[in-house]
Amino acid sequence: MPERSSNFRTESQELILPFFEKEPDWDQFHHYFFPDGREVFEVSLENATKYFPKSMLDSFPDRNPADFVIQNIMFIKNLTDNRFDPLIARYFPNNRNSEMDFNSISYNAINEFWEGKVDLLTYDEHHLVTFEFSPNDERKVIFYGKDILPNTRTQGDCYQITREVVYYTPIEGTFGIEINTTTITETVCTGAAGEFPTAGTVYVDGTYYYDGSELDPSGSGCGSCDYNPPSAPAPSEFIINQLDNECAEIIFIELGKGANKLTDLTGLGSLDIFPWMLDLFKKGGKFYYYIEDVNLPMNSNGTRPNARTITPDSEGYITIQLDNSYIENATSLSIARTIIHETVHAYIMYLSKTNYEFVIELNNYYICHNNNVNDAHHGMMSQYLLGMAVSLYNWDKNFGPTSGNLGFDYYYKMGFGGLLKNGTSDPISDIVPLIPNGDWDAIATTLENEATANSLAKGIKENCNE
């Protein structure tokens, strides 16, 4: 952070933000870089008055929506001067599934399954831009203001709508709260992109703040201190979901939600590895996780694979491909297992390009398996077997058609799927000691039942062939 200056208390080096009722919580922060190389510290910032869209009252009935608004302050490195410039980020979830805590969301790692709005404001509460995240990967860029929007530059067709914003104010001397509303005009840009303004409009009352002069028309802020808000790219998205099959897409989204605690699997809840493997892509910011459904070609042995994961291309995409015929015929349990398995492949590929110690460990597997990359991966995946089983169980318990009632041993057996010696139907040697009762045939039969959704499958084939 910048060294002591007029922005810090001289006796304690605490940052003073004159427009906020509370100081940042320095114990909670995210650290990352924008694509152009600018360093960012994003710090939790609590405010006594919280603003949120009125729609949240419907999304969170009988609850105080302000409890689910996350407000952070981003300190963005100025590459020209030796300082960090502040922006405020507010996160407004649209539904219960999008509720997040501080550790689960930041501007560089918006969960691809998250629905809601992200507002960017200047440090003195003047609005710059809003990003709206809707289902089916829809995105909108919104600028607040009047019919004419000075100091904003946009691309694409725009139209104006009006929304009402609610904010709560404590009633002095009581335990009550006063509900206040104000109407804001939005310009919604539906084009392919928006160019972010270097200045913005006031967030609450609709009057303009930055108008290119030395005056401060709103009566607040720092009209004479030459404060120029830093620009910011659109929130980062390193998980790219291109699944066309509706059921496969739903399963993928559900897997990503995960759960922090499994009360009936005490001590194993933290082993739900799928969400934190996706987090590596979101927070690491070095490679893209790309998943799609395609018609896969036959293997050299004449069989068609259920899925495959392709090593990073020149643009940094690690691609998972699910075979169309497989997802049209398999149970949802089998599809979930396959997505988990391929995600572990993607995770290994990511770390093999970014973590030196991991590369050494993977290379040991590579040597032990006669320099076969696929076998090296499957050998290393023996370490993640329990985690894959927990992720599968957790998905079924929270979202699946059998509600986690198949017995954990069944999910554990499913976790062995795909861990084969390359080009064979034999288990890779690393997992042989882990096979329950040494009965590989029982596992192979279970996997085949679920992959074909035959009468012996315990999972359910959902309508995934439309």
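Numbers at a glance
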{"quantity": "Global form of the range 331-388, assessed from the alpha-carbon gyration tensor, a/c cut-off 1.5", "calculated": "prolate"}
{"quantity": "Rounded FRET efficiency, nearest 0.05, which uses the C-beta distance separating N82 from T445 and R0 of 45 Å", "calculated": "0.10"}
{"quantity": "Segments 272-280, 243-251 sorted - mean Cβ within 10 Å per residue, highest first", "calculated": "272-280, 243-251"}
{"quantity": "Computed lengthening from N95 to E46, 0.36 nm per intervening residue step minus Cα-Cα distance", "calculated": "15.5 nm"}
{"quantity": "Listed pairs K257/K458; K257/K282; K353/K421 exceeding 18 Å between Cα atoms", "calculated": "K257/K458; K353/K421"}
{"quantity": "Nearest-10 value in Å² for the accessible area of Y107, using the 1.4 Å probe", "calculated": "0 Å²"}
{"quantity": "Part-to-part distance (alpha-carbon centres) for the range 413-431 and the range 289-326, which is given in Å", "calculated": "18 Å"}
{"quantity": "Per residue solvent-accessible surface (Å²) - the range 321-421, probe of 1.4 Å", "calculated": "35 Å²"}
{"quantity": "HN-Hα J in Hz across the range 327-338 - Karplus 6.51, -1.76, 1.60, θ = phi - 60°, x for Gly and Pro", "calculated": "6, 7, 10, 8, 6, 5, 5, 5, 5, 4, 4, 5"}
{"quantity": "Cα→Cβ-extended label distance, 7 Å offset, between M298 and I310, nm", "calculated": "2.1 nm"}
{"quantity": "Sum of side-chain charges, A453 neighbourhood, beta-carbon under 11 Å (Lys, Arg +1; Asp, Glu -1)", "calculated": "-2"}
{"quantity": "³J(HN,Hα), Karplus 6.51/-1.76/1.60, whole Hz, each residue of the range 369-375, x for Gly, Pro", "calculated": "10, 6, 6, 9, 5, 4, 5"}
{"quantity": "Calculated FRET efficiency for the pair Q242/N355, C-beta based, R₀ 35 Å, to 0.05", "calculated": "0.85"}
{"quantity": "Rounded to 5, the percent of DSSP beta bridges in the range 264-380 classed as antiparallel", "calculated": "35 percent"}
{"quantity": "Fraction of accessible area attributable to carbon and sulfur, the range 287-407 (%, probe 1.4 Å)", "calculated": "44 percent"}
{"quantity": "Mean Cβ neighbour count within 10 Å, used as a protection proxy, ranking 69-75, 429-435 highest first", "calculated": "69-75, 429-435"}
{"quantity": "Order of exposure, largest accessible area first, which applies to T130, T183 with probe 1.4 Å", "calculated": "T183, T130"}
{"quantity": "Potential lengthening between N370 and T424 on full extension [0.36 nm per residue; Cα-Cα distance subtracted]", "calculated": "17.9 nm"}
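The values are calculated or read from the model by the stated rules, or taken from the named source; none is laboratory data. These numbers were taken from a predicted model, which means no experiment stands behind them. When we count neighbours, we look across all protein chains shown, and the Cβ atoms used for this are built from the backbone with ideal geometry, even at glycine. We work out accessible area using only protein heavy atoms, side chains counted, and drop any ligands, DNA or RNA first. Shrake-Rupley method; radii C 1.70, N 1.55, O 1.52, S 1.80 Å.
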